[in-house]
1. Assess whether residue 134 counts as being within 27 Å of residue 23 (Cα to Cα) and buried (at least 16 other Cβ atoms within 10 Å of the Cβ).
2. Quick check on this structure: which one of 95, 142 is part of a strand (DSSP E or B) and touching a helix residue (DSSP H, G or I) at 6+ places or on another chain (Cβ under 6 Å)?
3. Considering each of 77, 49, 102 in turn, give the residue that is closer than 15 Å to residue 137 by Cβ and free of Cβ contacts under 8 Å to residues at least 40 places away in the same chain.
4. Restricted to the stretch 174-183, and to residues that are touching a helix residue (DSSP H, G or I) at 6+ places or on another chain (Cβ under 9 Å) and assigned to a loop (DSSP other than H, G, I, E, B), which residue is surrounded by the most Cβ atoms within 10 Å (Cβ to Cβ)?
5. With respect to the numbered conditions (1) closer than 23 Å to residue 213 by Cα; (2) in contact with a helix residue (DSSP H, G or I) (Cβ under 8 Å, 6 or more places away or on another chain), which one is the sole condition not fulfilled by residue 110?
6. I'd like the full set of residues that are modelled with pLDDT under 95, surrounded by 15 or more Cβ atoms within 10 Å (Cβ to Cβ) and under 19 Å from the mean Cα position of the chain (by Cα), limited to the stretch 79-96.
7. Restricting the search to the stretch 183-203, which residues are farther than 14 Å from residue 121 by Cβ and free of Cβ contacts under 8 Å to residues at least 40 places away in the same chain?
(Lines give C-alpha, C1' and ligand atoms only; values in the text may rest on other atoms or scores of the structure.)
Protein backbone atom coordinates (compact mmCIF):
# COMPACT_ATOMS: atom_id res chain seq x y z
CA UNK A 1 0.00 0.00 0.00
CA UNK A 2 1.44 3.36 -0.99
CA UNK A 3 1.14 6.39 1.29
CA UNK A 4 0.90 9.79 -0.33
CA UNK A 5 3.68 12.16 0.53
CA UNK A 6 2.63 14.79 3.06
CA UNK A 7 3.90 16.72 6.05
CA UNK A 8 2.47 14.17 8.44
CA UNK A 9 2.44 10.43 7.95
CA UNK A 10 -0.30 9.95 10.51
CA UNK A 11 -3.25 12.32 10.53
CA UNK A 12 -4.02 12.70 14.23
CA UNK A 13 -5.52 16.13 13.65
CA UNK A 14 -8.35 15.59 16.12
CA UNK A 15 -5.82 14.93 18.86
CA UNK A 16 -3.14 17.43 17.85
CA UNK A 17 -0.55 14.67 17.93
CA UNK A 18 0.89 14.76 14.41
CA UNK A 19 4.37 16.05 15.23
CA UNK A 20 4.73 13.94 18.36
CA UNK A 21 3.51 10.84 16.55
CA UNK A 22 5.90 11.28 13.64
CA UNK A 23 8.91 11.80 15.92
CA UNK A 24 8.00 8.93 18.20
CA UNK A 25 7.23 6.52 15.37
CA UNK A 26 10.46 7.44 13.60
CA UNK A 27 12.21 6.17 16.72
CA UNK A 28 10.13 2.99 16.56
CA UNK A 29 11.31 2.44 12.99
CA UNK A 30 14.93 2.91 14.03
CA UNK A 31 14.30 0.33 16.76
CA UNK A 32 12.83 -2.05 14.14
CA UNK A 33 15.99 -1.76 12.05
CA UNK A 34 18.14 -2.39 15.12
CA UNK A 35 16.08 -5.53 15.84
CA UNK A 36 16.63 -6.69 12.26
CA UNK A 37 20.38 -6.14 12.59
CA UNK A 38 20.56 -7.94 15.93
CA UNK A 39 18.38 -10.89 14.92
CA UNK A 40 19.75 -11.47 11.42
CA UNK A 41 23.38 -10.67 12.20
CA UNK A 42 23.62 -9.89 8.48
CA UNK A 43 26.97 -9.98 6.74
CA UNK A 44 28.24 -7.39 4.29
CA UNK A 45 27.90 -10.00 1.55
CA UNK A 46 24.34 -11.02 2.41
CA UNK A 47 21.66 -10.30 -0.17
CA UNK A 48 18.55 -8.63 1.29
CA UNK A 49 15.05 -8.20 -0.11
CA UNK A 50 12.78 -5.54 1.39
CA UNK A 51 9.17 -6.40 0.51
CA UNK A 52 6.70 -3.53 0.55
CA UNK A 53 8.76 -0.42 -0.07
CA UNK A 54 6.75 2.76 -0.67
CA UNK A 55 7.28 4.45 -4.03
CA UNK A 56 6.90 7.87 -2.38
CA UNK A 57 9.48 8.66 0.24
CA UNK A 58 8.66 10.19 3.61
CA UNK A 59 10.87 10.74 6.69
CA UNK A 60 9.21 7.79 8.44
CA UNK A 61 8.81 5.53 5.41
CA UNK A 62 11.47 3.42 3.67
CA UNK A 63 13.61 3.55 6.77
CA UNK A 64 15.27 0.28 5.81
CA UNK A 65 16.61 1.89 2.64
CA UNK A 66 17.87 4.80 4.77
CA UNK A 67 19.63 2.71 7.39
CA UNK A 68 20.87 -0.39 5.56
CA UNK A 69 24.60 0.23 4.92
CA UNK A 70 25.26 -2.13 1.99
CA UNK A 71 23.03 -0.63 -0.66
CA UNK A 72 24.44 -2.72 -3.54
CA UNK A 73 23.20 -5.92 -1.87
CA UNK A 74 19.69 -4.60 -1.22
CA UNK A 75 16.66 -5.15 -3.45
CA UNK A 76 13.49 -3.15 -2.72
CA UNK A 77 10.16 -4.47 -4.01
CA UNK A 78 6.89 -2.60 -4.11
CA UNK A 79 4.25 -0.98 -6.27
CA UNK A 80 4.50 2.21 -8.26
CA UNK A 81 7.24 4.29 -9.83
CA UNK A 82 10.60 4.29 -8.02
CA UNK A 83 12.19 7.35 -9.66
CA UNK A 84 12.15 9.29 -6.40
CA UNK A 85 13.75 6.47 -4.44
CA UNK A 86 16.36 5.80 -7.11
CA UNK A 87 17.54 9.39 -6.73
CA UNK A 88 17.51 9.28 -2.93
CA UNK A 89 19.06 5.85 -2.43
CA UNK A 90 21.35 4.98 -5.35
CA UNK A 91 22.85 1.52 -5.57
CA UNK A 92 19.68 -0.29 -4.53
CA UNK A 93 17.89 -2.52 -7.03
CA UNK A 94 14.20 -1.62 -7.37
CA UNK A 95 11.63 -4.14 -8.57
CA UNK A 96 7.91 -3.66 -9.11
CA UNK A 97 5.97 -6.60 -7.79
CA UNK A 98 3.45 -8.11 -5.42
CA UNK A 99 4.62 -9.63 -2.15
CA UNK A 100 2.23 -12.55 -2.55
CA UNK A 101 3.69 -13.45 -5.97
CA UNK A 102 7.36 -12.59 -5.75
CA UNK A 103 9.12 -12.49 -9.15
CA UNK A 104 12.18 -14.38 -7.88
CA UNK A 105 13.40 -17.95 -7.84
CA UNK A 106 13.44 -19.89 -4.57
CA UNK A 107 16.29 -19.06 -2.18
CA UNK A 108 17.21 -15.94 -4.14
CA UNK A 109 18.09 -13.84 -1.07
CA UNK A 110 19.78 -14.50 2.24
CA UNK A 111 17.29 -12.44 4.26
CA UNK A 112 13.81 -11.12 3.58
CA UNK A 113 12.53 -8.07 5.45
CA UNK A 114 8.96 -6.78 5.35
CA UNK A 115 7.69 -3.98 7.54
CA UNK A 116 3.98 -3.42 8.18
CA UNK A 117 2.75 -5.09 5.01
CA UNK A 118 1.12 -8.34 6.10
CA UNK A 119 -1.78 -6.53 7.81
CA UNK A 120 -2.71 -5.12 4.38
CA UNK A 121 -2.94 -8.37 2.38
CA UNK A 122 -6.45 -9.35 3.48
CA UNK A 123 -7.84 -12.61 4.83
CA UNK A 124 -6.02 -15.57 6.37
CA UNK A 125 -5.61 -17.32 3.02
CA UNK A 126 -3.80 -14.28 1.63
CA UNK A 127 -1.74 -13.91 4.80
CA UNK A 128 -0.52 -17.50 4.52
CA UNK A 129 0.29 -17.06 0.81
CA UNK A 130 2.32 -13.96 1.67
CA UNK A 131 4.35 -15.74 4.36
CA UNK A 132 4.90 -18.74 2.05
CA UNK A 133 6.42 -16.48 -0.59
CA UNK A 134 8.75 -14.79 1.89
CA UNK A 135 9.94 -18.17 3.14
CA UNK A 136 10.31 -19.52 -0.41
CA UNK A 137 12.73 -16.86 -1.63
CA UNK A 138 14.84 -16.73 1.56
CA UNK A 139 17.95 -18.75 2.38
CA UNK A 140 18.66 -17.79 5.98
CA UNK A 141 15.32 -16.45 7.11
CA UNK A 142 12.59 -13.85 7.21
CA UNK A 143 11.97 -10.91 9.52
CA UNK A 144 8.58 -9.26 9.18
CA UNK A 145 6.72 -6.78 11.35
CA UNK A 146 3.13 -5.79 11.94
CA UNK A 147 1.39 -3.37 14.33
CA UNK A 148 0.24 -4.95 17.56
CA UNK A 149 -3.56 -5.00 17.78
CA UNK A 150 -3.26 -5.01 21.57
CA UNK A 151 -1.74 -1.52 21.58
CA UNK A 152 -4.44 0.99 22.61
CA UNK A 153 -3.78 3.26 19.61
CA UNK A 154 -4.51 2.06 16.08
CA UNK A 155 -1.72 3.65 14.06
CA UNK A 156 -3.36 3.84 10.62
CA UNK A 157 -6.48 5.70 11.75
CA UNK A 158 -5.10 7.43 14.83
CA UNK A 159 -8.14 6.20 16.76
CA UNK A 160 -7.77 4.63 20.21
CA UNK A 161 -9.44 1.49 21.58
CA UNK A 162 -12.08 0.97 18.85
CA UNK A 163 -10.00 -1.84 17.30
CA UNK A 164 -10.34 -3.78 20.57
CA UNK A 165 -13.92 -4.60 19.64
CA UNK A 166 -14.64 -7.66 17.46
CA UNK A 167 -13.58 -6.91 13.91
CA UNK A 168 -17.10 -6.66 12.49
CA UNK A 169 -17.90 -4.01 15.11
CA UNK A 170 -14.79 -1.87 14.80
CA UNK A 171 -15.06 -1.93 11.00
CA UNK A 172 -18.65 -0.78 11.27
CA UNK A 173 -17.55 2.10 13.52
CA UNK A 174 -14.70 3.02 11.15
CA UNK A 175 -17.26 3.34 8.36
CA UNK A 176 -19.38 5.67 10.47
CA UNK A 177 -16.32 7.78 11.34
CA UNK A 178 -15.31 8.12 7.70
CA UNK A 179 -12.41 5.64 7.83
CA UNK A 180 -13.95 3.60 5.02
CA UNK A 181 -10.66 2.49 3.49
CA UNK A 182 -9.44 0.94 6.74
CA UNK A 183 -12.86 -0.58 7.42
CA UNK A 184 -12.22 -3.15 4.66
CA UNK A 185 -10.47 -6.40 5.55
CA UNK A 186 -8.40 -6.32 2.37
CA UNK A 187 -6.91 -2.97 3.43
CA UNK A 188 -6.38 -3.52 7.15
CA UNK A 189 -6.49 -6.79 9.11
CA UNK A 190 -4.65 -6.43 12.40
CA UNK A 191 -2.88 -9.13 14.42
CA UNK A 192 -2.42 -9.91 18.06
CA UNK A 193 0.85 -11.71 18.93
CA UNK A 194 -1.07 -14.98 19.33
CA UNK A 195 -2.75 -14.57 15.92
CA UNK A 196 0.47 -13.88 14.03
CA UNK A 197 2.22 -16.83 15.71
CA UNK A 198 -0.69 -19.12 14.80
CA UNK A 199 -0.71 -17.96 11.16
CA UNK A 200 3.04 -18.43 10.85
CA UNK A 201 2.90 -21.86 12.52
CA UNK A 202 0.13 -22.97 10.16
CA UNK A 203 2.17 -21.79 7.16
CA UNK A 204 5.24 -23.71 8.32
CA UNK A 205 3.21 -26.90 8.72
CA UNK A 206 1.57 -26.49 5.28
CA UNK A 207 4.99 -26.02 3.69
CA UNK A 208 6.42 -29.10 5.46
CA UNK A 209 8.97 -26.89 7.19
CA UNK A 210 8.16 -28.00 10.72
CA UNK A 211 11.46 -28.28 12.57
CA UNK A 212 13.29 -26.40 9.82
CA UNK A 213 12.12 -22.89 10.75
CA UNK A 214 12.39 -21.41 14.24
CA UNK A 215 9.82 -18.80 15.25
CA UNK A 216 10.64 -15.94 17.60
CA UNK A 217 8.53 -12.91 18.47
CA UNK A 218 10.12 -9.64 19.53
CA UNK A 219 8.63 -6.17 20.04
CA UNK A 220 9.23 -2.47 19.72
CA UNK A 221 7.57 -0.10 22.16
CA UNK A 222 5.64 3.15 21.94
CA UNK A 223 4.24 4.95 24.98
CA UNK A 224 5.72 2.15 27.05
CA UNK A 225 3.63 -0.58 25.43
CA UNK A 226 4.45 -3.14 22.69
CA UNK A 227 3.53 -1.34 19.47
CA UNK A 228 5.01 -3.54 16.75
CA UNK A 229 5.34 -7.30 16.61
CA UNK A 230 8.58 -8.47 15.03
CA UNK A 231 8.39 -12.02 13.69
CA UNK A 232 11.79 -13.66 13.28
CA UNK A 233 11.85 -16.84 11.17
CA UNK A 234 15.27 -18.47 11.18
CA UNK A 235 15.85 -21.30 8.74
CA UNK A 236 17.87 -24.08 10.34
CA UNK A 237 18.91 -26.02 7.22
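The values are calculated or read from the model by the stated rules, or taken from the named source; none is laboratory data. In this text, all values refer to a predicted model and were calculated from it rather than measured experimentally. A quick note on method: Cβ atoms are made from the backbone with ideal geometry, for glycine too, and the neighbour counts reach across all protein chains shown.
1. no
2. 142
3. That would be 77, the only listed residue that is closer than 15 Å to residue 137 by Cβ and free of Cβ contacts under 8 Å to residues at least 40 places away in the same chain.
4. 179
5. The failed condition is (2).
6. 79, 82, 85
7. Residues satisfying the conditions are 183, 194, 197, 198, 201.
Conditions (1) in contact with a strand residue (DSSP E or B) (Cβ under 9 Å, 6 or more places away or on another chain); (2) not in a loop (DSSP other than H, G, I, E, B), marked per residue:
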position: 110; (1), (2): yes, yes
position: 127; (1), (2): yes, yes
position: 136; (1), (2): no, yes
position: 151; (1), (2): yes, no
position: 163; (1), (2): yes, yes
position: 168; (1), (2): no, yes
position: 172; (1), (2): no, yes
